[in-house]
């Protein structure tokens, strides 16, 4: 159930992004977008929460909720944004190559300055 909710959220995000950047790539129009997607998210969420009130499904509800919190929490705990280097910053970097130089039995970095 949680996976379908995440799929619906990603559909909202990616469809809006694609419509802004390159609307010609969208071959199929979704009926009632984005309202139908919002309605789907609401219905799925209501069904998921309803599991907490059904005795035979209560354990599944709590374990799924716990696991979802752990997975999302671990994402934010271990996620590191990659540094994006702009062309201006790239010119200021020192270039280096790996080659076998004097006294190196393995590949050693050779730094070239951009002065």
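The values are calculated or read from the model by the stated rules, or taken from the named source; none is laboratory data. No experiment lies behind these values; they were computed from the predicted model shown. When we count neighbours, we look across all protein chains shown, and the Cβ atoms used for this are built from the backbone with ideal geometry, even at glycine.
Give all pairs with beta carbons closer than 6 Å in which a residue from the stretch 57-77 that is touching a residue at least 24 places away in the same chain (Cβ under 8 Å) meets a residue that is surrounded by 12 or more Cβ atoms within 10 Å (Cβ to Cβ) and assigned to a helix (DSSP H, G or I); count only pairs at least 6 apart in sequence or on separate chains.
Every condition considered, the pairs that remain are 68/2.
Please work out which one of (1) surrounded by 10 or more Cβ atoms within 10 Å (Cβ to Cβ); (2) in a helix (DSSP H, G or I); (3) within 25 Å of the chain's Cα centre (by Cα) is the condition residue 33 fails and give its number.
Going through the list (1) surrounded by 10 or more Cβ atoms within 10 Å (Cβ to Cβ); (2) in a helix (DSSP H, G or I); (3) within 25 Å of the chain's Cα centre (by Cα), residue 33 breaks only (2).
Checking residue 46 against (1) modelled with pLDDT of 95 or more; (2) surrounded by 10 or more Cβ atoms within 10 Å (Cβ to Cβ), which test does it fail?
Result: residue 46 passes all but (2).
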